[in-house]
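Structure record follows, encoded as structure tokens.
The values are calculated or read from the model by the stated rules, or taken from the named source; none is laboratory data. Being a predicted model, the structure only gives us computed values, none of them experimental. Counting neighbours? That spans all protein chains shown, and the Cβs are built from the backbone with ideal geometry, glycine included. Accessible surface is based on the protein model in full, side chains and every heavy atom, while ligands, DNA and RNA are left aside. Shrake-Rupley method; radii C 1.70, N 1.55, O 1.52, S 1.80 Å.
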Amino acid sequence: TAIGFIILSLGRAVCVWRFLNATKSSEPEKKSNNLRILLTWLFFFSVLQNGIIGVGSLLFANNSQLLTWTLTISTVFLTLFATTSVYTCYYIFLPKFSALPPTIAIFIFGAITTIVSMITPQYPFINTSGGLDFGTPSSLAHLMYYLLLIAIGSVCAIFVQMTVKAKTRSTKITSFVIALLAFVGIINIFIRLVILNINNNLLIRIFDTGIG
């Protein structure tokens, strides 16, 4: 699990680096520069969220309490990831509408999820197959799922649109790859937080291999 999340974080970092390089000189307009800044922060929070889980799983595999705090801290960055994703979606698709109400709503939802994560007993542990079982109760797992769905779904929508409108081949290819990875990410979180919210070592191992 630790290796899977670390590889995922590095993969996202490489993807956004390639995208920013591909769009650096293709569209110098002010709106494009603002969008590049938003996307940089979006992926920064995303990489941190996954990286914290990966590093925490690696360092605190045998410490249930520290693993629980690792998940809680990662939820803070997930909230920032989702908030930035929604704001960016509004900036691209609905520029004439204020992004403030939905952005505040998602931030509040993320804050509630973080608080629930702090007060809900969780018992993460390394199972017999070597995968990390987060021990997340169904109620918290569903909150995490919706928050991740909003964040990753927004990323998918953003880069599908960029794939269609990209003016250069390199930007189009990179945008398509990121959109495809986001779509796979949606499937992954559905499997992990909805289908696999049970003690099933084999399925958790398959999931960990998948995200890697």
* Please name all residue pairs, on different chains or six or more residues apart, with Cβ atoms under 6 Å, provided the first residue is in the range 40-53 and is within 18 Å of Gly153 (Cβ to Cβ) and the second residue is aromatic (Phe, Trp, Tyr) and part of a helix (DSSP H, G or I). => Phe45/Phe77; Phe45/Phe81; Ser46/Phe81; Gln49/Phe77; Gln49/Phe81; Asn50/Phe5
* Can you pull out the residues in the range 57-114 that are under 25 Å from Pro137 (Cβ atoms), under 19 Å from the mean Cα position of the chain (by Cα) and loosely packed, with under 14 Cβ neighbours inside 10 Å? -> Ala105, Ile108, Ile112
* **Qualifying positions in the range 41-56 - over 18 Å from Ala111 (Cβ atoms), among the β-branched types (Val, Ile, Thr) and open to solvent by less than 60 Å² (accessible area, probe 1.4 Å)** => Val47, Ile53
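Yes/no matrix, rows are residues, columns are (1) under 18 Å from the mean Cα position of the chain (by Cα); (2) aromatic (Phe, Trp, Tyr):
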site	(1), (2)
Phe159	yes, yes
Lys172	no, no
Ile189	yes, no
Leu193	yes, no
* To do: Give the range 139-194 a look and list any residue that's among the polar types (S, T, N, Q) and open to solvent by 20 Å² or more (accessible area, probe 1.4 Å), or say none.
  => Ser139, Gln161, Thr163, Thr168, Ser170, Asn188
* From the list Ser154, Ser129, pick out the single residue that is polar (S, T, N, Q), within 16 Å of Leu38 (Cβ to Cβ) and at pLDDT below 95. => Ser154
